[in-house]
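J.: Submitted below is the structure of interest, expressed as structure tokens.
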Amino acid sequence: MITVEDVKRATDKQANNQNRQELESIKQSAINKLQSLIGLQDIKTEAQRILNTIVIDNLRFQNGLSPEKTKMHMVFYGPPGTGKTTVARVMGEFLKGAGILSNGHFIEASRSDLVAGYVGQTALKTKDIISKAMGGILFIDEAYSLASDDTSGFGKEALDTLIKEMEDHADNLVVILAGYRKDMEKLMDLNEGLRSRIPYHFDFPHYSAEELYQMALLQLKQKDGLILSEEASKWLQVYINQKVKENNGFIDGDGRWIRNLTQEIRNNQADRLTLLDQEAITFELLQEIEITDIPKD
């Protein structure tokens, strides 16, 4: 049904200008978010290039210079905690702001969201998730688990359904498959149809010790407005450096490990402050993280 509001939006020049300004604001906000992420310099550079390519390819299609709209599906290689989900969300916002995706929202799914336990139900379950993601990003973490199937074949059914839907709805859906490179390559080898439908590939490395340190400072400040004393700041950096060195140059879980670490620091501060009379707990004390709040081992 076409409503009066639809007609007004299509014919009102002022409304159209306002809509374009709103979309441009969303797009610029996404660019700012991408560039403000700690580390991931190569990812940020490549992501910006790819997003620009998608925009221009879309314009070529609209102007009749290309017979079909470009496929936008992607693979993110890398371990958990390296920023894959965050970057996927930002890409959705950018593509909405660019007028390519109608919504830009983010739906995350795993094998259990796609695969059912009964014959004939998996395709319906997969299509339902895709329907919810239409106009936005469908992010499938540990996507390689669809290939590690038992004799039921339900994982293959989900994968076959996903590939067809990716092709049919390439104009208003971005599917991002994520997981370890070795496992994801196996998935691609098992189904060449999947590989041919995904033009963009990104490698997410582990964060360095300095990047993990900066991430910890940012999380403490953003979540609760916490500020580290000079001694606490120095010890936090030493602590993270030690942990990275002990683990052969990287930390499993990266960002998730930092979230757990900052939560432990907040817990330690809370334990310390609860030993004081409540009347003695000032605003400054609530803000400050002392060296005793930083873990020692």
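J.: Assuming 0.36 nm per residue, please report the length gained on full extension of the stretch Leu65 to Lys245 beyond their Cα-Cα distance.
T.: On the way: separation 180, 0.36 × 180 = 64.80 nm, distance 5.32 nm.
Gain on extension, Leu65 to Lys245, equals 59.5 nm.
J.: If you count only protein heavy atoms with a 1.4 Å probe, what accessible area per residue comes out for region 25-77, rounded to a whole Å²? List each step's numbers first, then the result.
T.: Details: 2770 Å² over 53 residues.
Here the residues of region 25-77 average 52 Å² of exposed surface.
J.: Residue by residue through region 27-40, which ³J(HN,Hα) values in whole Hz follow from phi under the Karplus form 6.51 cos²θ - 1.76 cosθ + 1.60 (θ = phi - 60°), with glycine and proline marked x?
T.: Result, ordered by residue: 4, 5, 4, 5, 4, 4, 5, 4, 6, 7, 5, 6, x, 6 Hz.
J.: Given a 1.4 angstrom probe, I'd like the percentage of the accessible area of region 196-297 that is carbon and sulfur, rounded to a whole number. Before the final figure, lay out each step's value.
T.: Values: 3070 of 6140 Å².
Reported share for carbon and sulfur atoms: 50 percent.
J.: Can you run phi through the Karplus equation (6.51, -1.76, 1.60; θ = phi - 60°) for region 121-131 and list ³J(HN,Hα) in whole Hz, with x for Gly and Pro?
T.: 8, 5, 4, 5, 5, 5, 5, 5, 5, 5, 4
J.: Which shape class, rounded, prolate or oblate, goes with region 65-136 when its Cα gyration tensor gives a ≥ b ≥ c as root eigenvalues, a/c under 1.5 marks rounded, and past that a/b bigger than b/c marks prolate? If you can, show how the numbers build up before the last one.
T.: Values: a/c = 2.07, a/b = 1.33, b/c = 1.55.
Since a/c reaches 1.5 but b/c is at least a/b, the shape of region 65-136 is classed as oblate.
J.: So, one more: How much mean residue ellipticity at 222 nm does the chain get from its helices, if each DSSP H run of length 4 or more adds -39500 (n - 2.57) and you divide by all residues, to the nearest 500 deg cm²/dmol?
T.: Counting only the DSSP helices, I get -18500 deg cm²/dmol.
J.: Can you give me the long-range amide H partners of Phe106? Hydrogens built in the peptide plane at 1.01 Å from N, cutoff under 5 Å, separation of 5 or more residues or another chain.
T.: Here Ile137 satisfy the definition.
J.: Summing Lys, Arg as +1 and Asp, Glu as -1, what charge do residues with Cβ under 10 Å from the Cβ of Ile31 carry, Ile31 excluded? List each step's numbers first, then the result.
T.: Working: positive: Lys27, Lys33, Lys44; negative: Glu93.
So the surrounding residues net to +2.
J.: Which residues in region 180-222 have a backbone N closer than 14 Å to a point placed 7 Å from the Cα of Thr86 along the Cα-to-Cβ line?
T.: What the label zone holds, given the 14 Å backbone N cut-off, is 204-222.
J.: Using modelled amide H (1.01 Å from N, peptide plane; none on Pro or chain starts), what sits under 5 Å from the amide H of Ile289, excluding residues fewer than 5 places away?
T.: The answer is Ile227, Leu228, Ser229.
J.: Also: Please list, by residue number, every one of the chymotrypsin sites (Phe, Trp or Tyr not before Pro) in region 90-164 that is coil in DSSP and has at most 15 other beta-carbon atoms within 10 Å. Write out the running numbers ahead of the final one.
T.: Values: sites: Phe94, Phe106, Tyr118, Phe139, Tyr144, Phe154; in loops: Tyr118.
In loop regions of region 90-164 (DSSP not H, G, I, E or B), the sparsely surrounded chymotrypsin sites (Phe, Trp or Tyr not before Pro) are Tyr118.
J.: Ordered by residue, what ³J(HN,Hα) values in Hz, to whole numbers, does region 221-229 give under the Karplus form 6.51 cos²θ - 1.76 cosθ + 1.60, where θ = phi - 60° and Gly and Pro are x?
T.: Taking θ as phi minus 60°, the curve returns 6, 6, 6, 10, x, 7, 10, 7, 5 Hz for region 221-229.
The values are calculated or read from the model by the stated rules, or taken from the named source; none is laboratory data. What you see is a predicted model, and the numbers here were worked out from it, not measured in a lab. In this analysis, Cβ positions are derived from the backbone assuming ideal geometry, glycine residues included, and neighbour counts consider all displayed protein chains. Areas reflect the complete protein model, heavy atoms only, side chains present, ligands, DNA and RNA absent. Shrake-Rupley method; radii C 1.70, N 1.55, O 1.52, S 1.80 Å.
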